[in-house]
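Below is one structure, written out as structure tokens; the observations come after it.
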Amino acid sequence: MAYSQATVVIGGLLHVPIIIGVFWLFQSYVAKRSGSGSTTNARPSTSAAKVTASGSTPKAPTSKSTHAAVPVNTYKPKAPFLGTVLENYSLLKEGAIGRVNHITFDLAGGNPQLEYIEGQSIGIIPAGEDAKGKPHKIRLYSIASTRHGDNYAGNTVSLCVRQLQYEKDGTTIDGVCSTYLCDIKPGSKVKITGPVGKEMLLPEDEEANIIMLATGTGIAPMRAYLRRMFEPKEREKNGWNFQGNAWLFMGAPKTANLLYDSDFEWYKTNFPNNFRYTKAISREQKNSKGGRMYIQDRVLEHADEIFGMIENPKTHIYLCGLKGMEPGIDEAMTTAAAAKGIKWSELRPTLKKAGRWHVETY
Ligand code: FAD
Ligand code: A2P
């Protein structure tokens, strides 16, 4: 009896480490399933960190972590992809100033395939040589199409290019690459690099609010965003059911210079609860001081609503186009913020840190 009691006690004690081991394994399994372990399969959150109007509570940037898989530099300047021009047409109406073209390239047959997402840019190497007999350097252009392309086949890219022209010592100088692109004929081969850029990417959140401030060809990435949000075939293709508010402020010198205007008007008519479109036509409209109407004047007119939106952590602001518009936008935001007792100089870096303030000017 004494022998068997001792056996039972010793046998029981010997099982304790086994039970602890099994319990530990079970606990770590549960932890992994619930996401608190180190190997969760959960998709990273894309909702931006909350930023209050006073600029407090910034969390670490959320969008950047989800951008790791975005394609960059698939094709480099030393070994560019040779794209074929599919179409090249003017975006301007009779009486417009200058030349702005929509140009589409075929990317099919690339190995690897040149893939991109909305908000990225590509590089173009113009044919020919510079004054020193060297090959031309690349110029960057914002992509104006969604990743599915204008034809939804997923193997084209479109650009919106203004021909640079300026006067020097009484002669008109044409920009090298922009003239090359505006003149290029369908069927021509063009050296393409990239894609590049993670600054102008859209959040994945279907309920995000997107405020867009564009001048001239700065509309290119916005066109891609708006197609992703509202173009019926594109929506079918991308399965992204945008439900937030998108608000485009577009600056152009004349009505005839408005780019993709009929598409945006169509979105406005068909998605009135999700899309607002405000134009600043500098040479036809006057601001409150009697000067040219710029988008920053429109921002001031709608300051209350804009700042109301910014208080929502789901709101992102995108600025693209002329570098010269940045000080004007900053000034307008400073004035508008001050009216609400907010310091724009403090709020802007907070928004930037939260991945909600996106700027690409040139
Ligand atoms: P160039 O032959 O390179 O001439 C430009 C040079 O001319 C300037 O560097 C300057 O030295 C001189 N110059 C220019 N203006 C004047 C002037 N008024 N007086 C005297 N000298 C002057 N462009 C678009 O059209 N669409 C886009 O979507 C677009 N996206 C861009 C995105 C990014 C990220 C960047 C950085 C630029 C973008 N650009 C875009 C601009 C584009 O990259 C080129 O800079 C532009 O097309 C001019 O290139 P070019 O070769 O024609 O001019
Ligand atoms: P403007 O040229 O009348 O002064 P585009 O590229 O087609 O010329 O369009 C650019 C638009 O941006 C034009 O309406 C232009 O006005 C306007 N613009 C020029 N400078 C600024 C600036 N500093 N801030 C905001 N908009 C500007």
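The values are calculated or read from the model by the stated rules, or taken from the named source; none is laboratory data. Here the structure is a predicted model, which is why all the values come from computation and not from measurement. Virtual Cβ from ideal backbone geometry, glycine too; neighbours counted across all protein chains shown. These accessible areas exclude ligands, DNA and RNA; they are computed on the full protein's heavy atoms, side chains included. Shrake-Rupley method; radii C 1.70, N 1.55, O 1.52, S 1.80 Å.
Which FRET efficiency value, to the nearest 0.05, is calculated for Asp330 and Thr278 with the Förster distance at 25 angstrom and r the Cβ-Cβ distance?
According to the calculation, E is roughly 0.85.
Need one number: the % of Cα-Cα pairs in segment 316-362 sitting beyond the 13 Å mark.
58 percent
Show me the three semi-axes of the equivalent ellipsoid for segment 203-336, from the C-alpha gyration tensor (sqrt of 5 times each eigenvalue), largest first, rounded to whole Å.
25, 18, 12
Which value, in nm² and rounded to one decimal, describes the direction-averaged projected area of the C-alpha convex hull of segment 115-169?
One quarter of the hull surface, i.e. the mean projection, equals 5.3 nm².
Mind pulling the per residue volume of the convex hull built on the Cα atoms of segment 155-237? Å³ is fine.
158 Å³
With equal scatterers on the alpha carbons only and no solvent term, can you work out the Debye log10 of I(q)/I(0) for segment 98-137 at 0.19, 0.24, 0.25, 0.30 1/Å?
Those come out to -0.88, -1.02, -1.02, -1.07, one per q.
Given 0.36 nm per residue, what is the gain on full extension from Asp183 to Val72 after removing their alpha carbon distance, in nm?
Numbers: separation 111, 0.36 × 111 = 39.96 nm, distance 2.79 nm.
Gain on stretching Asp183 to Val72: 37.2 nm.
Under 13 Å Cα to Cα from Lys254, which aspartates and glutamates show up? Leave out anything in the same chain fewer than 8 places away.
Glu94, Glu284
Taking amide H positions as placed in the peptide plane 1.01 Å from N, state which residues far from Thr278 in sequence (5 or more) or on other chains have amide H under 5 Å from it.
Excluding prolines and chain starts, which carry no amide H, the hits are Leu248, Phe249, Met250.
Taking a 20 Å limit on the Cα-Cα distance, which of the listed pairs Lys78/Lys189; Lys134/Lys198; Lys76/Lys132; Lys76/Lys134; Lys76/Lys137 fall beyond it?
Beyond 20 Å between Cα atoms: Lys134/Lys198; Lys76/Lys132.
May I ask you to give the percent of accessible area on segment 94-145 that is carbon plus sulfur, with a probe radius of 1.4 Å?
In segment 94-145, the share of accessible area belonging to carbon and sulfur is 51 percent.
Please provide three numbers in whole Å: the alpha-carbon extents of segment 277-318 along the principal axes, with the largest listed first.
Sorted largest first, the three principal extents are 35, 17, 13 Å.
Regarding segment 271-348, what is the average projected area of its C-alpha convex hull, in nm²?
Hull-based average projected area comes out at 6.2 nm².
What accessible area per residue comes out for segment 122-170, rounded to a whole number of Å², with a 1.4 Å probe?
Here the residues of segment 122-170 average 54 Å² of exposed surface.
Can you give me the relative contact order of segment 216-263 as a percent, contacts being Cα pairs under 8 Å and 6 or more apart?
That works out to 41 percent.
What does the charge count near Ala336 come to, summing +1 for each Lys or Arg and -1 for each Asp or Glu among other residues with Cβ under 13 Å from its Cβ?
-3
Pop the C-beta distance of Leu164 and Asp263 into the FRET formula with R0 = 30 Å and round what comes out to the nearest 0.05.
Approximately 0.75, to the nearest 0.05.
To check my understanding: the extent here is largest minus smallest coordinate of the Cα atoms along each principal axis. What are those three numbers for segment 92-196, in Å, largest first?
Taking the Cα atoms of segment 92-196, the three principal extents are 46, 38, 25 Å.
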